[in-house]
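Remarks on the structure that follows.
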Amino acid sequence: MSTEYTITVMLALAVLDYLAAGFALSYGKRVPGMGFFVLGWVINAILLVFNWAVCGHPPFGNMYHVLVVLGLCFLPAYLVLALREKLTWLAAVFAFTSVVPLLGLFFMTPDMAWRRMPALQSPWFVPHVVTYMIGYSLCAVAFILAIMGMIEARRLDENPERYQEAGYHVLRLAFPFMTFGLLSGALWAEEAWGTYWSWDPKETWSLITWLLYAIYFHCRRQAGLKRFAVIVQILAFLALLTTFLLVNLLPKLGSILHSYA
Amino acid sequence: MMFAMFILAALVLFMLAGTLLFAGRDPAVVFHSPLFIILAGLLFVSLVWACARRRSTGRQAAFILTHGAIVLILLGAALGFWFGEKSDLVVPVKPDHIIRNVPGKNLASIPLGFGLGVPAFRVEYYDKKRMMPSHFEADLRIEDGNISEIRVLRVNHPVSYRGWRIYLMSWENDPTAGEVLTPTGVVLTARRDPGRGLVIAGIWMLMIGVTLTCLWKGAADEH
């Protein structure tokens with residue numbers, strides 16, 4: 001069985017499990033739903049271990065590897081929110097969102113030849129990427145909740161604000177991880193390149209994203225501006241997508257320093 | 001808070017303009033411009049004012065830590081910007097070659113205050129044909145009066161000496177050597193940054209402050 005075939009099978013199983021979890025949880029079938037969620041996560045984790053074994057380094061250095069890591073962030077983040085904020089009703093949202101990064105992998109060729117360049121051989125490498133992925137996964141869930149809240153508000157739902165409140169609690173967990181990701185990158189850049197900040201596109205867009213989420217939190221706390229918070233949050237997520245995807249994919253926005261991210 | 005949010009929004013718009021309208025150009029054109037520095041200065045003033053207005057209670061500690069951290073970062077960055085030195089240079093890999101000055105801005109020469117040389121360089125490859133290095137390092141000779149020592153310089157592990165930090169960036173091969181890869185020079189960055197300590201302290205304070213503000217329920221200052 002070829003490596004690519006094995007990866008494709010594992011991906012498909014993980015995606016099917018996450019989808020089954022999402023549907024089961026949506027229909028109130030909590031036990032089977034969480035069972036599928038955990039099973040999908042385990043397969044996703046095996047895929048991470050497989051990538052690690054094949055390339056011989058922590059597999060966080062290219063988009064293919066990073067999407068596998070991103071898929072793993074949702075279940076642990078949900079468990080923290082369920083325990084801490086009692087947001088158990090978000091399970092289906094987290095399960096469905098887990099599918100998104102893995103779907104992208106079906107359209108990518110596994111980069112098994114990836115090797116860790118000397119610049120990436122730093123203790124900051126894994127924490128910088130992992131904390132950003134945790135932050136991004138939570139921001140994605142918060143974005144979906146914002147959209148759901150806007151849809152429910154149009155349908156005159158009894159309590160559309162519960163989505164915005166839940167999104168707020170999700171982002172309160174996301175922001176410290178995003179902050180650590182941003183600032184650990186600066187500390188690492190100083191050790192590697194002699195400067196904390198080069199204003200390259202990746203760095204600038206990540207700072208734009210961080211500032212927009214900071215503005216979101218300030219809107220939430222300012223009387224009269226709270227109603228604009230959800231709009232700021234949506235803009236922040238669009239900036240996040242630009243940081244994570246567009247900067248890598250569009251040549252004009254391209255970053256030389258972050259060319260391996 | 002409205003003024004602070006106005007400044008944050010202005011900074012975001014400025015950065016958007018900088019990345020979209022000036023893509024491909026030197027970022028310094030935008031982010032070292034007087035207007036951007038003025039915006040950063042206004043942010044500094046706003047943050048100092050916000051921290052000064054707070055009482056020193058436990059609930060406000062996280063706020064002061066978070067916002068005061070950004071003050072420190074801005075202060076350290078300003079010191080580095082106006083009083084720091086940075087130089088990119090190529091040093092030949094030769095046992096007896098010592099430099100005492102590094103190139104600065106506008107062809108100026110910056111004295112190091114000590115001698116610097118690279119007597120040896122080592123590189124290992126994952127794939128030599130595709131020039132994929134797995135590891136490279138240089139021996140850095142430092143001569144300062146009677147002191148002569150060798151330190152190993154690696155990527156992500158700069159060498160610090162008398163206020164200077166030396167970073168290993170890359171190397172150059174002999175272009176006439178054909179397929180035999182023979183390193184002839186190392187590409188270094190030398191930096192002296194009086195604000196470095198403040199920036200690092202501010203970064204760690206900001207990480208802790210944001211974590212406390214967001215995750216410690218007692219620190220939430222809900223209106």
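Considering only strands (runs of 3 or more DSSP E) fully contained in the stretch B:68-161, which possess at least 3 residues that are over 29 Å from A:Leu183 (Cβ atoms)? Before the answer, list the steps.
On the way: elements: B:85-92, B:99-103, B:109-127, B:132-144, B:147-154, B:159-161.
Counting at least 3 such residues, we get B:85-92, B:99-103, B:109-127, B:132-144, B:147-154.
Tell me which of these B:His97 doesn't satisfy, since it passes every other one: (1) over 30 Å from B:Arg151 (Cβ atoms); (2) surrounded by fewer than 16 Cβ atoms within 10 Å (Cβ to Cβ); (3) in contact with a Gly (Cβ under 8 Å, 6 or more places away or on another chain).
The one condition B:His97 does not meet is (1).
How many of the residues in the stretch A:121-166 are assigned to a helix (DSSP H, G or I), within 14 Å of chain B (Cβ to nearest Cβ), open to solvent by less than 20 Å² (accessible area, probe 1.4 Å) and out of contact with any Pro (no Cβ under 9 Å at 6 or more places or on another chain)?
3
Failed condition for B:Leu140, given (1) within 14 Å of chain A (Cβ to nearest Cβ); (2) within 21 Å of the chain's Cα centre (by Cα); (3) not charged (D, E, K, R), with all others met?
(1)
Please work out if A:Gly56 is surrounded by fewer than 21 Cβ atoms within 10 Å (Cβ to Cβ), among the small types (Gly, Ala, Ser), modelled with pLDDT of 95 or more and more than 27 Å from A:Leu171 (Cβ to Cβ).
On the way: surrounded by fewer than 21 Cβ atoms within 10 Å (Cβ to Cβ): yes; among the small types (Gly, Ala, Ser): yes; modelled with pLDDT of 95 or more: no; more than 27 Å from A:Leu171 (Cβ to Cβ): yes.
No.
Inside the stretch A:113-131, can you point out the residues that are touching a residue at least 60 places away in the same chain (Cβ under 8 Å) and under 14 Å from the mean Cα position of the chain (by Cα)?
The answer is A:His128, A:Val129, A:Val130.
Do any residues in the stretch A:212-231 that are more than 9 Å from every other protein chain (Cβ to nearest Cβ) have Cβ atoms under 7 Å from those of residues that are among the β-branched types (Val, Ile, Thr), where the two are at least six apart or on different chains, and which pairs are they?
Note: pairs meeting the criteria are A:Tyr216/A:Val232.
Within the stretch B:5-19, can you find the residues that are open to solvent by less than 20 Å² (accessible area, probe 1.4 Å) and more than 7 Å from chain A (Cβ to nearest Cβ)?
Correct list: B:Ile7 only.
Which one of these does B:Gly80 not meet: (1) at the interface with chain A (Cβ under 10 Å from one of its Cβ atoms); (2) closer than 24 Å to A:Thr242 by Cα?
Only one criterion in (1) at the interface with chain A (Cβ under 10 Å from one of its Cβ atoms); (2) closer than 24 Å to A:Thr242 by Cα is unmet by B:Gly80, namely (2).
Among A:Leu25, A:Leu75, A:Leu48, A:Leu13, which is the only one that is open to solvent by less than 20 Å² (accessible area, probe 1.4 Å) and of a type in the set (A, V, I, L, M, F, W, C)?
Values: A:Leu25 fails: open to solvent by less than 20 Å² (accessible area, probe 1.4 Å); A:Leu48 fails: open to solvent by less than 20 Å² (accessible area, probe 1.4 Å); A:Leu13 fails: open to solvent by less than 20 Å² (accessible area, probe 1.4 Å).
The unique qualifying residue is A:Leu75.
All but one of (1) open to solvent by 20 Å² or more (accessible area, probe 1.4 Å); (2) in a helix (DSSP H, G or I); (3) out of contact with any Asp or Glu (no Cβ under 8 Å at 6 or more places or on another chain) hold for A:Ile43, so report the exception by its number.
Result: A:Ile43 fails condition (3) only.
Of everything in the stretch A:185-196 that's within 14 Å of B:Val199 (Cβ to Cβ) and at the interface with chain B (Cβ under 8 Å from one of its Cβ atoms), which residue is most open to solvent (accessible area, probe 1.4 Å)?
Within the stretch A:185-196, the match that is most open to solvent (accessible area, probe 1.4 Å) is A:Glu191.
Among the residues of the stretch A:86-118, which ones are surrounded by fewer than 17 Cβ atoms within 10 Å (Cβ to Cβ) and in a helix (DSSP H, G or I)?
Matches in the stretch A:86-118: A:Thr88, A:Trp89, A:Leu103, A:Gly104.
Which numbered condition in (1) touching a residue at least 24 places away in the same chain (Cβ under 8 Å); (2) more than 11 Å from every other protein chain (Cβ to nearest Cβ); (3) open to solvent by 70 Å² or more (accessible area, probe 1.4 Å) is the only one that B:Ala61 fails?
With respect to (1) touching a residue at least 24 places away in the same chain (Cβ under 8 Å); (2) more than 11 Å from every other protein chain (Cβ to nearest Cβ); (3) open to solvent by 70 Å² or more (accessible area, probe 1.4 Å), B:Ala61 is out only on (3).
Mind listing whichever residues of the stretch A:201-211 are facing another protein chain (nearest Cβ under 7 Å) and either free of Cβ contacts under 8 Å to residues at least 24 places away in the same chain or open to solvent by 10 Å² or more (accessible area, probe 1.4 Å) (or both)? Write out each step before concluding.
Initially, the stretch A:201-211 is screened for residues facing another protein chain (nearest Cβ under 7 Å), giving A:201, A:204-205, A:207-208, A:211.
Matches in the stretch A:201-211: A:Pro201, A:Thr204, A:Trp205, A:Leu207, A:Leu211.
Under the condition of being among the hydrophobic types (A, V, I, L, M, F, W, C) and either open to solvent by less than 40 Å² (accessible area, probe 1.4 Å) or touching a Gly at 6+ places or on another chain (Cβ under 8 Å) (or both), which residue from the stretch B:202-223 is modelled with the lowest pLDDT?
Step one: filter the stretch B:202-223 for residues among the hydrophobic types (A, V, I, L, M, F, W, C), giving B:203-208, B:210, B:212, B:214-216, B:219-220.
From the residues that got through so far, the ones that are either open to solvent by less than 40 Å² (accessible area, probe 1.4 Å) or touching a Gly at 6+ places or on another chain (Cβ under 8 Å) (or both) too are B:203, B:205-207, B:210, B:214, B:219-220.
Numbers: B:Ile203: 97, B:Met205: 97, B:Leu206: 97, B:Met207: 97, B:Val210: 96, B:Cys214: 92, B:Ala219: 53, B:Ala220: 50.
That would be B:Ala220.
The values are calculated or read from the model by the stated rules, or taken from the named source; none is laboratory data. Small disclaimer: the values here were computed from a predicted structure and weren't measured. Neighbour counts are summed over all protein chains in view; Cβ atoms, including those assigned to glycine, are modelled from backbone coordinates with ideal geometry. Surface accessibility is based on the protein's heavy atoms, side chains included, excluding ligands, DNA and RNA. Shrake-Rupley method; radii C 1.70, N 1.55, O 1.52, S 1.80 Å.
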